[in-house]
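Have a look at the structure below before the remarks.
The values are calculated or read from the model by the stated rules, or taken from the named source; none is laboratory data. Keep in mind that this is a model prediction, so the values were computed, not measured. FYI the Cβ positions are ideal-geometry reconstructions off the backbone, even for glycines, and counts take in every protein chain you see. Ligands, DNA and RNA are excluded from the accessible area calculation, which covers all protein heavy atoms including side chains. Shrake-Rupley method; radii C 1.70, N 1.55, O 1.52, S 1.80 Å.
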Amino acid sequence: MSAPMPLDPERARRRAEVAKAWAQVIGRTAYVPMTADEMEQFLLDQVHILADMLNAELFDPSPAIEVGSALVQNDFTGPESLQCTVEILAAALLLDSTEPADREQANKVVGLLSNLATGYATAIRLRTLDQQEHIKQALLKSKREAERRERAANDRFEEVFHASAIGMALTDMAGDFVQTNSALAHILECPPDELAGRNIRELFPPEDADDVVISYREVTEGIMPRIRERRRMVRHDGTIAWVYLVISLLRDANGVPAYHVTMIENLSELQALQNQLGQQSVRDMLTGVANRQHFQSKLDAVLEGAGPHTSLTLLHVGIDSFSVINNGLGHVVGDRMLQVVANELRDIVADHDAVVGRVGGDEFAILLEDGPGVPHYQTLIDRINERLSEPTFIGDTGVAVCVSIGVAQHTGRAHSRLDLLRAANSAMRRAKAVGQRQWEVHNVHEDAEQKELLALTAAMPGAWEMGELDCEYQPVIDLADNRVVAVEVMLRWDHPTQGMIGHDRCRDMAESAGMSLTIGPWAAMRACQDTVDRGNRDVMLRFRLTEMQTSDGNVAGVINHLVAKTGLSPERMEFALDARAVVANRGEAQSNIQSLRDNGVLIGLHEFTGSQTEFALVEDEEIQSVILAGSLVTKRPDLREPDSLVAKVTRDMVRNLRQAGAAVSVVDVPTTQSAAWWHALGATYGQGDFTGLPGDLDSVLPERPAPSVNGA
């Protein structure tokens, strides 16, 4: 383990506060021969040890055993000392962690506290054994010196026997009680006089009694000098107490076995703590349903034992807009609603062979083994929606939730656990994309396509880093004379296995992967440099910005960098903002219009659909260039009757834009006939398949590019 990094003052202060709080609480549970300052310093040292283990690069919880042992060695052994220690450290260690308090960090804390409890229990047991050995030696010595100092020996024996905090019983060779102390009566929660005349066999469950008798016989026959073992004992009220037994033998003056001495340590509290920690390792602490790890292990077990005709249904349930509750009513209400959802889901499938688990912050999963009496998944979905639509009153506020549900069905063992979980999750994501309170069933073909797309999207950052992305250009044609007046900068991805991936998919994947703000400036710089390297600075470059790029506040900074780095004039650049982002005023979208104007570039809008708000933007902001949405072109108004509603609306839209002073461009134009129709309608520029495939500058530009027309 590497040496811990020096503590920053804030963390050092928090650890000192934890040690102080620990000292105050634990000091009330046990007498410790230390001053307050000594106790606080000792506990601070233990806090440092545990916190450094939690934050270590290679996590190893075993040294926490020594911390538990150190607590016992320094007499922190009161009845509630261990409980107080666990309660203080459970929260404090998570706050000290250098990582977010996720499930992995919680599991680490549980591991540390489990090892601490183990060290504590082991040290207590060893100290107890030492005490037991001393007691036994005292008993032996008292027995041997009985004739010489009978009264003194009896007094010492009685004091040790009755004052001990450990239960003790002296039994004859038949197992009948000769003498017991009050500690044993306390462990068994019965009056001391009720033990008189009983046989020790009666204190154990019937199914364990024979094994206990064998243990006593082994000690009697000398097979074992003493027996140490965990056992269950029956309390006075019939409940079970977990204890640690030490059985040894007393012989008379002639060496003949005379009595058995049984010492009994109560382990019930420690057993309860271990059970609680065990439950936390398989249960979600907030909702009580299976946590993600346990749910996955149950799914593994079901799939492993599935026969060829075993049918399973997996529902992935995601709460819609859960942030509205958390942000509007607070996380306490949010936590309460998570508990409500978990309880309702568990209750709905209570009569069936089902497992409910919490697999995400606001996501749950239900695994059902189909069979007679198990309802169809659509029936379950209806029940879930019906139950969750009922408001839960928290104070005076009635809160309800709705959910989106993905369904994956499976027969036999064809799927792995990961495939089945991903299928249900993918269906749930598609349901959420449709709207709230929706559900989708896993579709193999759709899922395969989505999986391929997501895999490509996830790989895009690495592809950009490895140089697999490049720029290509599509000519922008003056529809009046078919001259190339500009080129639009586009992306392409030369994928090693998928082949060439075009601009539209690259743009959408970059937007999904959050790479638009990285790839966009790089592509712009690459295009400007290509233009300069070609030796012709007159070509017009068109950039259609994505929604993310349109909303970014650094558009002006990118343009300034382009001009400073390449020397290309801003007048030779057209930046078309995404009309959807500008209308919604996302981020700095509307402010960027003025920023572009200040930089001297041509200002455009693309994805223009003809709404009143968009026309107001063109008029108020004096937009110079409008690029109609591709969907307006692909609807093929040119193939409709001239007096059709679509043709009339399109004609009026183009005419109004021209009257506002904006040059109108159309994209995705398929044929020269379609381009001619748009020109007749009043459109100025066009691009699409009719101009040929995109390529490098030399392939799309004439040897002497035409100068721009009307500033485009």
Scan region 492-500 and give yes if some residue there is surrounded by fewer than 22 Cβ atoms within 10 Å (Cβ to Cβ), in contact (Cβ under 8 Å) with a residue 40 or more places away in the chain and in contact with a strand residue (DSSP E or B) (Cβ under 6 Å, 6 or more places away or on another chain), otherwise no. yes
Candidates Thr411, Thr379 - the one that is more than 25 Å from Ile325 (Cα to Cα), out of contact with any helix residue (DSSP H, G or I) (no Cβ under 9 Å at 6 or more places or on another chain), at pLDDT 90 or above and of a type in the set (S, T, N, Q): Thr379
Is there a residue being in contact with a Phe, Trp or Tyr (Cβ under 9 Å, 6 or more places away or on another chain), surrounded by fewer than 19 Cβ atoms within 10 Å (Cβ to Cβ), at pLDDT 90 or above and not aromatic (Phe, Trp, Tyr) anywhere in region 523-537? no
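Condition check ((1) part of a helix (DSSP H, G or I); (2) open to solvent by 60 Å² or more (accessible area, probe 1.4 Å)) across all residues:
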| site | (1), (2) |
| --- | --- |
| Pro642 | no, yes |
| Ala647 | yes, no |
| Arg658 | yes, yes |
| Val664 | no, no |
| Ala675 | yes, no |
May I ask you to list pairs of residues, at least six apart or on different chains, whose Cβ atoms are under 7 Å apart, with the first in region 24-40 being at negative phi and the second being open to solvent by 70 Å² or more (accessible area, probe 1.4 Å) and in a loop (DSSP other than H, G, I, E, B)? Thr29/Pro79; Thr29/Glu80
For region 176-184, check the following and say yes or no: at least one residue is modelled with pLDDT of 65 or more and under 14 Å from Leu250 (Cβ atoms). yes
Restricting to region 609-640, what's the tally of residues that are closer than 18 Å to Thr684 by Cβ, charged (D, E, K, R) and not in a helix (DSSP H, G or I)? 1
For residues that are in contact with a Phe, Trp or Tyr (Cβ under 9 Å, 6 or more places away or on another chain) and closer than 17 Å to Glu440 by Cα, scanning just region 386-412, find the one that is most open to solvent (accessible area, probe 1.4 Å). Gln409
Any chance region 562-572 includes a residue that's under 42 Å from the mean Cα position of the chain (by Cα) and in contact (Cβ under 8 Å) with a residue 12 or more places away in the chain? yes
Given the residues Val340, Val324, Val356, which is the only one that is out of contact with any Gly (no Cβ under 9 Å at 6 or more places or on another chain) and either within 23 Å of Ala408 (Cβ to Cβ) or modelled with pLDDT under 90 (or both)? Val356
Given the structure, is Ala459 small (Gly, Ala, Ser) and in contact with a strand residue (DSSP E or B) (Cβ under 6 Å, 6 or more places away or on another chain)? no
For region 655-672, does any single residue satisfy the condition of being of a type in the set (A, V, I, L, M, F, W, C), at pLDDT below 90 and under 53 Å from the mean Cα position of the chain (by Cα)? no
Criterion: under 30 Å from Glu363 (Cα atoms), in contact (Cβ under 8 Å) with a residue 40 or more places away in the chain and among the polar types (S, T, N, Q) - qualifying residue of Gln436, Gln474, Gln450: Gln436
Restricting the first residue to region 296-317 and requiring it to be in contact (Cβ under 8 Å) with a residue 40 or more places away in the chain, which pairs with a second residue that is open to solvent by 30 Å² or more (accessible area, probe 1.4 Å) and aromatic (Phe, Trp, Tyr) meet a Cβ separation below 9 Å and a spacing of at least six or different chains? Thr313/Tyr377; Leu315/Tyr377; Leu315/Trp439
Any residue that is surrounded by fewer than 16 Cβ atoms within 10 Å (Cβ to Cβ), within 50 Å of the chain's Cα centre (by Cα) and farther than 17 Å from Leu479 by Cβ - is there at least one of those in region 699-711? yes
Scan region 311-353 for residues that are more than 23 Å from Ala431 (Cα to Cα) and open to solvent by less than 30 Å² (accessible area, probe 1.4 Å) and jot them down. Gly330, Val333
Answer yes or no: is there a residue in region 121-129 that is polar (S, T, N, Q), closer than 30 Å to Ala253 by Cβ and touching a residue at least 24 places away in the same chain (Cβ under 8 Å). yes
When both residues are 6+ apart or on different chains and their Cβ atoms are under 7 Å apart, which pairs have a first residue that lies in region 382-403 and is touching a residue at least 60 places away in the same chain (Cβ under 8 Å) and under 20 Å from Arg429 (Cα atoms), and a second that is open to solvent by 70 Å² or more (accessible area, probe 1.4 Å) and not basic (Lys, Arg)? Cys402/Gln436
Could you say which residue among Trp493, Trp464 is modelled with pLDDT of 90 or more, over 24 Å from Gln624 (Cα atoms) and among the aromatic types (Phe, Trp, Tyr)? Trp493
On the given criteria, is Glu159 exposed (fewer than 15 other Cβ atoms within 10 Å of the Cβ), over 30 Å from Leu89 (Cβ atoms) and either of a type in the set (A, V, I, L, M, F, W, C) or at pLDDT 75 or above (or both)? no
Positions within region 501-522 being surrounded by fewer than 18 Cβ atoms within 10 Å (Cβ to Cβ) and not in a helix (DSSP H, G or I), in sequence order: Gly502, Gly514
What is the number of the single condition among (1) in a helix (DSSP H, G or I); (2) at positive phi that Asp75 does not meet? (1)
How about region 364-377: which of its residues are within 23 Å of the chain's Cα centre (by Cα) and either surrounded by fewer than 20 Cβ atoms within 10 Å (Cβ to Cβ) or in contact (Cβ under 8 Å) with a residue 60 or more places away in the chain (or both)? Phe364, Ala365, Leu367
Every residue in region 564-614 that is touching a Pro at 6+ places or on another chain (Cβ under 7 Å) and of a type in the set (Val, Ile, Thr), please. Val601
Name, by its number, the condition in (1) of a type in the set (S, T, N, Q); (2) farther than 16 Å from Ser69 by Cα; (3) out of contact with any Gly (no Cβ under 9 Å at 6 or more places or on another chain) that does not hold for Thr29. (3)
Answer yes if at least one residue in region 174-188 is acidic (Asp, Glu), free of Cβ contacts under 8 Å to residues at least 60 places away in the same chain and surrounded by fewer than 12 Cβ atoms within 10 Å (Cβ to Cβ), and no otherwise. no
